[in-house]
Amino acid sequence: MTELQSVIHAQNIRYDRKAEALYIIDQTLLPGEEKEIHLQTAEEMYDAIRTLKVRGAPAIGICAGYCMYVLAKSIRGEDQQVFFKKLSDYGEYLDSSRPTAVNLNWAIRRMLRTALEHVGCTRGQMLDALYEEAVAIHEDDIAKCKAISEYGLTLVKDGDGILTHCNAGPLATSRYGTALGPILLGTERGMKFKVYSDETRPLLQGARLTSYELQRSGVDVTLICDNMASIVMKNGWVQACFVGCDRIAVNGDTANKIGTSGVAILAKHYGIPLYVLGPTSTIDMDCPDGEHIPIELRDPEEIKNLWYEKPMALPEVKCYNPAFDVTDHTLISGIVTEQGVCRPPYTKSLAALFKGN
Ligand code: MRU
(Lines give C-alpha, C1' and ligand atoms only; values in the text may rest on other atoms or scores of the structure.)
Protein backbone atom coordinates (compact mmCIF):
# COMPACT_ATOMS: atom_id res chain seq x y z
CA MET A 1 0.00 0.00 0.00
CA THR A 2 1.32 3.49 -0.83
CA GLU A 3 1.34 6.18 1.86
CA LEU A 4 -1.62 7.85 0.09
CA GLN A 5 -3.63 4.63 0.17
CA SER A 6 -2.72 3.95 3.79
CA VAL A 7 -4.05 7.38 4.78
CA ILE A 8 -7.25 6.93 2.74
CA HIS A 9 -7.84 3.44 4.16
CA ALA A 10 -6.86 4.26 7.76
CA GLN A 11 -9.05 2.34 10.18
CA ASN A 12 -9.84 5.07 12.65
CA ILE A 13 -12.74 3.01 14.02
CA ARG A 14 -12.84 -0.77 13.80
CA TYR A 15 -14.95 -3.48 15.29
CA ASP A 16 -13.09 -6.77 15.55
CA ARG A 17 -15.83 -9.38 15.45
CA LYS A 18 -13.53 -12.26 16.42
CA ALA A 19 -12.25 -10.48 19.51
CA GLU A 20 -15.68 -8.84 19.97
CA ALA A 21 -13.91 -5.56 20.61
CA LEU A 22 -14.29 -1.94 19.48
CA TYR A 23 -11.09 -0.03 18.74
CA ILE A 24 -10.47 3.58 17.77
CA ILE A 25 -7.29 5.47 16.93
CA ASP A 26 -6.79 7.94 19.78
CA GLN A 27 -6.70 11.20 17.78
CA THR A 28 -5.45 13.21 20.75
CA LEU A 29 -2.07 11.45 20.43
CA LEU A 30 -1.56 12.35 16.76
CA PRO A 31 0.68 13.22 15.02
CA GLY A 32 3.25 11.92 17.55
CA GLU A 33 1.78 8.50 18.14
CA GLU A 34 -0.70 6.33 16.21
CA LYS A 35 -2.23 4.18 18.91
CA GLU A 36 -5.47 2.23 19.09
CA ILE A 37 -7.54 2.15 22.25
CA HIS A 38 -10.20 -0.36 23.21
CA LEU A 39 -13.62 1.02 24.19
CA GLN A 40 -15.51 -1.27 26.56
CA THR A 41 -17.67 0.67 28.98
CA ALA A 42 -20.20 3.46 28.48
CA GLU A 43 -17.93 5.77 30.50
CA GLU A 44 -14.94 5.05 28.25
CA MET A 45 -17.11 5.72 25.19
CA TYR A 46 -18.46 8.98 26.60
CA ASP A 47 -14.95 10.08 27.51
CA ALA A 48 -13.56 9.18 24.07
CA ILE A 49 -16.16 11.40 22.37
CA ARG A 50 -16.04 14.19 24.96
CA THR A 51 -12.24 14.47 24.91
CA LEU A 52 -12.01 14.17 21.10
CA LYS A 53 -10.18 10.84 21.06
CA VAL A 54 -12.70 10.17 18.32
CA ARG A 55 -13.91 13.33 16.61
CA GLY A 56 -15.32 14.73 13.39
CA ALA A 57 -19.09 14.59 12.95
CA PRO A 58 -19.36 11.45 10.76
CA ALA A 59 -16.71 9.55 12.78
CA ILE A 60 -18.56 10.31 16.01
CA GLY A 61 -21.74 8.90 14.40
CA ILE A 62 -19.96 5.74 13.19
CA CYS A 63 -18.37 5.22 16.60
CA ALA A 64 -21.71 5.75 18.34
CA GLY A 65 -23.29 3.00 16.20
CA TYR A 66 -20.71 0.44 17.33
CA CYS A 67 -20.86 1.76 20.93
CA MET A 68 -24.60 1.12 21.02
CA TYR A 69 -24.02 -2.43 19.76
CA VAL A 70 -21.35 -3.11 22.39
CA LEU A 71 -23.58 -1.68 25.12
CA ALA A 72 -26.58 -3.69 23.90
CA LYS A 73 -24.49 -6.84 24.22
CA SER A 74 -23.67 -5.95 27.82
CA ILE A 75 -27.34 -5.81 28.84
CA ARG A 76 -28.27 -9.03 30.62
CA GLY A 77 -31.69 -10.66 30.97
CA GLU A 78 -34.40 -11.44 28.47
CA ASP A 79 -37.03 -8.81 29.36
CA GLN A 80 -37.25 -6.69 26.22
CA GLN A 81 -38.80 -3.69 27.89
CA VAL A 82 -35.92 -3.54 30.36
CA PHE A 83 -33.45 -4.09 27.49
CA PHE A 84 -34.90 -1.21 25.49
CA LYS A 85 -35.04 1.13 28.48
CA LYS A 86 -31.38 0.40 29.33
CA LEU A 87 -30.32 0.86 25.71
CA SER A 88 -32.18 4.21 25.47
CA ASP A 89 -30.51 5.34 28.71
CA TYR A 90 -27.12 4.48 27.24
CA GLY A 91 -28.05 6.37 24.08
CA GLU A 92 -29.08 9.44 26.06
CA TYR A 93 -25.85 9.31 28.04
CA LEU A 94 -23.65 9.07 24.91
CA ASP A 95 -25.69 11.76 23.19
CA SER A 96 -24.92 14.18 26.04
CA SER A 97 -21.16 13.93 25.42
CA ARG A 98 -21.12 16.57 22.65
CA PRO A 99 -24.09 18.71 21.54
CA THR A 100 -23.27 20.22 18.15
CA ALA A 101 -22.58 17.43 15.65
CA VAL A 102 -26.00 16.05 14.75
CA ASN A 103 -24.51 12.76 13.49
CA LEU A 104 -24.14 11.52 17.08
CA ASN A 105 -27.84 11.84 17.80
CA TRP A 106 -28.69 10.59 14.30
CA ALA A 107 -26.69 7.37 14.72
CA ILE A 108 -28.05 6.70 18.21
CA ARG A 109 -31.62 7.16 16.99
CA ARG A 110 -30.94 4.83 14.06
CA MET A 111 -29.71 2.13 16.45
CA LEU A 112 -32.68 2.58 18.79
CA ARG A 113 -35.08 2.38 15.86
CA THR A 114 -33.46 -0.92 14.81
CA ALA A 115 -33.88 -2.24 18.36
CA LEU A 116 -37.56 -1.26 18.33
CA GLU A 117 -38.09 -2.95 14.96
CA HIS A 118 -36.79 -6.21 16.47
CA VAL A 119 -38.96 -6.33 19.55
CA GLY A 120 -40.33 -9.89 19.70
CA CYS A 121 -37.19 -11.41 18.15
CA THR A 122 -34.67 -13.46 20.13
CA ARG A 123 -31.77 -11.72 21.88
CA GLY A 124 -29.39 -13.18 19.27
CA GLN A 125 -31.49 -11.85 16.38
CA MET A 126 -31.72 -8.43 18.05
CA LEU A 127 -27.94 -8.25 18.54
CA ASP A 128 -27.26 -9.41 14.98
CA ALA A 129 -29.60 -6.68 13.68
CA LEU A 130 -27.86 -4.03 15.79
CA TYR A 131 -24.45 -5.17 14.57
CA GLU A 132 -25.62 -5.04 10.96
CA GLU A 133 -27.00 -1.53 11.50
CA ALA A 134 -23.71 -0.30 12.96
CA VAL A 135 -21.82 -1.76 10.00
CA ALA A 136 -24.36 -0.19 7.62
CA ILE A 137 -23.80 3.26 9.17
CA HIS A 138 -20.06 2.74 8.68
CA GLU A 139 -20.29 1.40 5.13
CA ASP A 140 -22.79 4.08 4.10
CA ASP A 141 -20.31 6.70 5.23
CA ILE A 142 -17.53 5.15 3.17
CA ALA A 143 -19.76 5.29 0.07
CA LYS A 144 -20.97 8.81 0.88
CA CYS A 145 -17.44 10.16 1.36
CA LYS A 146 -16.42 8.76 -2.01
CA ALA A 147 -19.42 10.37 -3.71
CA ILE A 148 -18.83 13.70 -1.93
CA SER A 149 -15.20 13.55 -3.08
CA GLU A 150 -16.28 13.02 -6.69
CA TYR A 151 -18.73 15.93 -6.61
CA GLY A 152 -16.25 18.14 -4.78
CA LEU A 153 -13.59 17.43 -7.38
CA THR A 154 -15.80 18.99 -10.07
CA LEU A 155 -15.48 22.33 -8.25
CA VAL A 156 -11.70 22.72 -8.60
CA LYS A 157 -9.07 22.24 -11.26
CA ASP A 158 -5.56 20.86 -11.33
CA GLY A 159 -3.09 23.24 -9.70
CA ASP A 160 -5.67 25.12 -7.61
CA GLY A 161 -4.93 26.44 -4.12
CA ILE A 162 -7.44 25.20 -1.53
CA LEU A 163 -7.80 26.45 2.01
CA THR A 164 -9.32 24.22 4.67
CA HIS A 165 -10.16 24.68 8.34
CA CYS A 166 -10.12 22.02 11.07
CA ASN A 167 -10.02 18.40 9.95
CA ALA A 168 -12.54 16.73 7.68
CA GLY A 169 -10.34 13.96 6.32
CA PRO A 170 -10.31 10.17 6.74
CA LEU A 171 -9.73 10.43 10.51
CA ALA A 172 -12.91 12.48 10.91
CA THR A 173 -15.02 10.20 8.71
CA SER A 174 -14.22 6.99 6.87
CA ARG A 175 -11.84 6.68 3.91
CA TYR A 176 -11.50 9.84 1.80
CA GLY A 177 -13.16 12.29 4.16
CA THR A 178 -15.43 15.15 3.17
CA ALA A 179 -13.55 18.46 2.83
CA LEU A 180 -10.28 16.59 2.19
CA GLY A 181 -12.00 14.00 0.01
CA PRO A 182 -11.70 15.82 -3.34
CA ILE A 183 -8.06 16.63 -2.57
CA LEU A 184 -7.17 12.99 -1.80
CA LEU A 185 -9.22 11.66 -4.71
CA GLY A 186 -7.67 14.19 -7.10
CA THR A 187 -4.19 13.33 -5.82
CA GLU A 188 -4.91 9.64 -6.45
CA ARG A 189 -5.69 10.63 -10.04
CA GLY A 190 -2.45 12.55 -10.47
CA MET A 191 -3.80 16.07 -9.85
CA LYS A 192 -1.74 18.53 -7.85
CA PHE A 193 -3.28 20.97 -5.39
CA LYS A 194 -1.68 23.46 -3.06
CA VAL A 195 -3.48 23.18 0.24
CA TYR A 196 -3.41 25.72 3.06
CA SER A 197 -4.35 24.15 6.36
CA ASP A 198 -5.44 26.49 9.14
CA GLU A 199 -3.92 25.21 12.37
CA THR A 200 -7.36 25.58 14.02
CA ARG A 201 -7.00 26.93 17.52
CA PRO A 202 -7.47 25.92 20.25
CA LEU A 203 -7.31 22.15 19.68
CA LEU A 204 -5.10 22.30 16.57
CA GLN A 205 -6.97 19.75 14.44
CA GLY A 206 -5.56 21.45 11.33
CA ALA A 207 -1.97 21.16 12.50
CA ARG A 208 -2.15 17.82 14.24
CA LEU A 209 -4.48 15.98 11.85
CA THR A 210 -5.05 17.74 8.50
CA SER A 211 -1.44 18.62 7.76
CA TYR A 212 -0.47 15.13 8.99
CA GLU A 213 -2.93 13.37 6.69
CA LEU A 214 -2.07 15.53 3.67
CA GLN A 215 1.70 15.50 4.17
CA ARG A 216 1.69 11.72 4.52
CA SER A 217 -0.39 11.49 1.34
CA GLY A 218 2.14 13.44 -0.69
CA VAL A 219 -0.12 16.50 -1.04
CA ASP A 220 1.56 19.92 -1.18
CA VAL A 221 0.29 21.24 2.16
CA THR A 222 1.28 24.45 3.93
CA LEU A 223 0.33 24.90 7.56
CA ILE A 224 -0.74 28.41 8.56
CA CYS A 225 -1.99 29.98 11.78
CA ASP A 226 -5.69 30.84 11.66
CA ASN A 227 -4.93 34.56 11.47
CA MET A 228 -2.93 34.04 8.26
CA ALA A 229 -5.88 32.98 6.12
CA SER A 230 -6.45 36.54 4.99
CA ILE A 231 -2.94 37.07 3.65
CA VAL A 232 -2.86 33.83 1.65
CA MET A 233 -6.20 34.78 0.10
CA LYS A 234 -5.01 38.32 -0.62
CA ASN A 235 -1.86 36.89 -2.25
CA GLY A 236 -4.12 35.10 -4.74
CA TRP A 237 -3.01 31.66 -3.56
CA VAL A 238 -6.48 30.30 -2.80
CA GLN A 239 -9.06 29.44 -5.48
CA ALA A 240 -11.53 27.64 -3.20
CA CYS A 241 -12.19 26.94 0.48
CA PHE A 242 -13.37 23.45 1.45
CA VAL A 243 -14.75 22.93 4.94
CA GLY A 244 -16.64 20.19 6.74
CA CYS A 245 -19.78 20.56 8.84
CA ASP A 246 -21.26 19.43 12.13
CA ARG A 247 -24.86 20.47 11.56
CA ILE A 248 -26.56 22.08 8.58
CA ALA A 249 -29.88 23.82 9.21
CA VAL A 250 -32.80 23.81 6.77
CA ASN A 251 -31.85 27.28 5.46
CA GLY A 252 -28.20 26.28 4.84
CA ASP A 253 -26.70 27.92 7.93
CA THR A 254 -23.84 25.62 8.89
CA ALA A 255 -22.11 24.87 12.19
CA ASN A 256 -18.50 23.83 11.82
CA LYS A 257 -15.31 24.25 13.83
CA ILE A 258 -14.88 27.63 15.48
CA GLY A 259 -13.27 30.00 12.99
CA THR A 260 -15.07 28.66 9.92
CA SER A 261 -17.39 31.66 9.74
CA GLY A 262 -14.36 33.97 9.78
CA VAL A 263 -12.86 32.05 6.86
CA ALA A 264 -16.18 32.40 5.02
CA ILE A 265 -16.31 36.17 5.60
CA LEU A 266 -12.74 36.53 4.30
CA ALA A 267 -13.48 34.32 1.31
CA LYS A 268 -16.49 36.49 0.41
CA HIS A 269 -14.33 39.60 0.69
CA TYR A 270 -11.72 38.19 -1.71
CA GLY A 271 -14.30 36.67 -4.09
CA ILE A 272 -13.29 33.08 -3.36
CA PRO A 273 -16.01 30.39 -3.25
CA LEU A 274 -16.46 28.56 0.04
CA TYR A 275 -17.92 25.07 -0.15
CA VAL A 276 -19.31 23.03 2.74
CA LEU A 277 -18.89 19.28 2.24
CA GLY A 278 -20.74 16.69 4.30
CA PRO A 279 -23.11 13.73 4.18
CA THR A 280 -26.89 14.22 4.31
CA SER A 281 -26.74 12.76 7.85
CA THR A 282 -25.29 16.14 8.89
CA ILE A 283 -28.37 18.00 7.63
CA ASP A 284 -30.85 18.53 10.45
CA MET A 285 -34.27 18.96 8.86
CA ASP A 286 -35.70 19.72 12.33
CA CYS A 287 -33.45 22.75 12.69
CA PRO A 288 -34.77 25.83 10.84
CA ASP A 289 -31.64 28.00 11.04
CA GLY A 290 -28.30 28.61 12.73
CA GLU A 291 -29.91 30.27 15.73
CA HIS A 292 -31.27 26.86 16.72
CA ILE A 293 -27.95 25.00 16.58
CA PRO A 294 -26.56 24.21 20.06
CA ILE A 295 -22.98 25.40 20.36
CA GLU A 296 -20.62 23.46 22.59
CA LEU A 297 -18.64 25.50 25.12
CA ARG A 298 -15.40 23.94 26.27
CA ASP A 299 -12.92 24.27 29.10
CA PRO A 300 -10.88 27.54 29.09
CA GLU A 301 -7.82 25.44 29.92
CA GLU A 302 -7.71 24.52 26.22
CA ILE A 303 -6.89 28.17 25.47
CA LYS A 304 -4.70 29.05 28.42
CA ASN A 305 -2.65 25.96 29.19
CA LEU A 306 -3.13 22.95 26.99
CA TRP A 307 -0.21 23.23 24.56
CA TYR A 308 2.16 25.27 26.68
CA GLU A 309 4.88 24.43 29.17
CA LYS A 310 3.78 27.37 31.29
CA PRO A 311 0.32 29.01 31.49
CA MET A 312 -0.17 31.67 28.81
CA ALA A 313 -2.64 33.76 30.83
CA LEU A 314 -3.35 34.53 34.44
CA PRO A 315 -5.51 31.81 35.99
CA GLU A 316 -8.22 34.36 36.81
CA VAL A 317 -8.51 35.69 33.24
CA LYS A 318 -11.96 35.06 31.79
CA CYS A 319 -12.09 32.94 28.63
CA TYR A 320 -14.81 32.22 26.11
CA ASN A 321 -14.22 28.93 24.32
CA PRO A 322 -16.99 27.96 21.89
CA ALA A 323 -16.00 24.87 19.89
CA PHE A 324 -18.13 25.76 16.85
CA ASP A 325 -19.57 28.74 15.03
CA VAL A 326 -22.29 29.12 12.46
CA THR A 327 -21.51 30.24 8.94
CA ASP A 328 -24.37 32.19 7.48
CA HIS A 329 -25.89 30.52 4.41
CA THR A 330 -25.32 33.69 2.37
CA LEU A 331 -21.56 33.08 2.61
CA ILE A 332 -21.73 29.52 1.27
CA SER A 333 -21.32 28.98 -2.48
CA GLY A 334 -22.40 25.35 -2.41
CA ILE A 335 -23.16 22.45 -0.08
CA VAL A 336 -21.73 19.20 -1.38
CA THR A 337 -23.43 15.99 -0.24
CA GLU A 338 -23.32 12.42 -1.57
CA GLN A 339 -26.24 13.40 -3.80
CA GLY A 340 -24.54 16.31 -5.54
CA VAL A 341 -23.87 20.02 -5.15
CA CYS A 342 -26.72 22.04 -3.61
CA ARG A 343 -26.83 25.71 -4.55
CA PRO A 344 -28.79 28.59 -3.02
CA PRO A 345 -31.59 28.94 -2.17
CA TYR A 346 -30.78 26.14 0.26
CA THR A 347 -34.28 25.94 1.73
CA LYS A 348 -35.26 24.52 -1.66
CA SER A 349 -32.15 22.57 -2.68
CA LEU A 350 -31.65 20.88 0.71
CA ALA A 351 -35.33 19.97 1.05
CA ALA A 352 -35.15 18.30 -2.39
CA LEU A 353 -32.57 15.84 -0.99
CA PHE A 354 -35.16 14.47 1.42
CA LYS A 355 -38.10 14.22 -0.97
CA GLY A 356 -39.51 10.72 -0.90
CA ASN A 357 -37.92 9.84 2.49
O1 MRU B 1 -14.35 19.37 17.53
P2 MRU B 1 -14.14 18.50 16.33
O3 MRU B 1 -12.71 18.25 16.04
O4 MRU B 1 -14.97 17.23 16.41
O5 MRU B 1 -14.73 19.37 15.14
C6 MRU B 1 -14.74 18.79 13.86
C7 MRU B 1 -15.18 19.70 12.79
O8 MRU B 1 -15.58 20.82 13.00
C9 MRU B 1 -15.20 19.12 11.40
O10 MRU B 1 -14.96 20.09 10.44
C11 MRU B 1 -16.58 18.50 11.14
O12 MRU B 1 -16.94 17.65 12.18
C13 MRU B 1 -16.62 17.78 9.87
S14 MRU B 1 -15.70 16.27 9.90
C15 MRU B 1 -15.93 15.56 8.40
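What percent do you get for the relative contact order of the range 135-278 when only Cα pairs under 8 Å and 6+ apart count? Present the calculation step by step, with values, prior to reporting the outcome.
Details: 272 pairs, mean separation 35.7, N = 144.
With pairs under 8 Å counted, the relative contact order is 25 percent.
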- request: Skip the ligands, DNA and RNA, and give the accessible area per residue of the range 207-331 with a 1.4 Å probe, whole Å².
  value: 47
- prompt: What is the Cα centroid distance between the range 104-152 and the range 264-299, reported in whole angstrom?
  reply: 25
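How high is the relative contact order of the chain, in percent, with contacts defined as C-alpha pairs under 8 Å that are six or more residues apart? Walk me through the numbers on the way to the answer.
On the way: 709 pairs, mean separation 58.1, N = 357.
Normalised by residue count, the contact order of the chain is 16 percent.
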query: Counting only Cα, what are the radius of gyration and maximum Cα-Cα distance Dmax of the chain, in Å?
result: 20.0, 66
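Relative to the Cα centre, what is the charge dipole magnitude of the chain, using +1 at the beta carbon of each Lys and Arg, -1 at the beta carbon of each Asp and Glu, and rounding to the nearest 20 debye?
Numbers: 37 positive and 46 negative charges, 114 e Å.
With only Lys, Arg, Asp and Glu charged at Cβ, the dipole is about 540 debye.
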- prompt: What residue among 303, 295, 60 shows peak mean-square fluctuation when the chain is described by a Gaussian network model with Cα springs under 10 Å?
  reply: 303
query: If you place +1 on the Cβ of every Lys and Arg and -1 on the Cβ of every Asp and Glu, how big does the dipole about the Cα centre of the range 3-145 come out, in debye to the nearest 20?
result: 260
query: Say a paramagnetic label sat at a point 7 Å from the Cα of residue 51, along Cα to Cβ; which residues of the range 201-238 have their backbone N under 17 Å from it?
result: 203-204
- prompt: Toward the positive end of the charge dipole of the range 121-241, about the Cα centre and with charges on Cβ (Lys, Arg +1; Asp, Glu -1), which of 229, 183, 240 goes farthest?
  reply: 229
task: May I ask for the distance between the Cα centers of the range 155-214 and the range 337-353, given as a whole number of Å?
output: 23
- prompt: In terms of the Cα gyration tensor, with a ≥ b ≥ c the square roots of its eigenvalues, is the range 149-352 rounded because a/c is under 1.5, prolate because a/b exceeds b/c, or oblate?
  reply: oblate
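Just tell me, in residue order, which DSSP H segments of the chain are both 24 angstrom or longer along the helix axis (alpha-carbon based) and at least -0.5 in mean Kyte-Doolittle hydropathy. Intermediate results must be reported in sequence, preceding the final value.
Values: long enough: 57-74 (26 Å, 1.19); 123-153 (45 Å, -0.17).
Long hydrophobic helices here: 57-74, 123-153.
Can you tell me the FRET efficiency between residue 157 and residue 292 if r is taken as the Cβ-Cβ distance and R0 is 45 Å, rounded to the nearest 0.05? Don't skip to the answer; put the middle values down first.
Working: r = 37 Å, r/R0 = 0.82.
Plugging the Cβ-Cβ distance into 1/(1 + (r/R0)^6) gives 0.75.
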message: Given a 10 angstrom Cα cut-off, can you work out which residue in 105, 227, 12 is the most mobile in a GNM of the chain?
response: 227
- request: With a point put 7 Å past each Cα toward its Cβ, work out how far residue 88 is from residue 230 in nm, to one decimal.
  value: 5.1
task: State the antiparallel share, in %, of DSSP beta bridges confined to the chain, rounding to the nearest 5.
output: 50
message: Give the lysines whose C-alpha is closer than 19 Å to that of residue 234, dropping any in the same chain fewer than 8 places away, or say none.
response: 194, 268
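The values are calculated or read from the model by the stated rules, or taken from the named source; none is laboratory data. From a predicted model like this one, the values you see are computed outputs, not experimental measurements. We place every Cβ from the backbone using ideal geometry, glycine too, and count neighbours over all the protein chains shown. Protein only, heavy atoms only, side chains kept; ligands, DNA and RNA dropped before computing areas. Shrake-Rupley method; radii C 1.70, N 1.55, O 1.52, S 1.80 Å.
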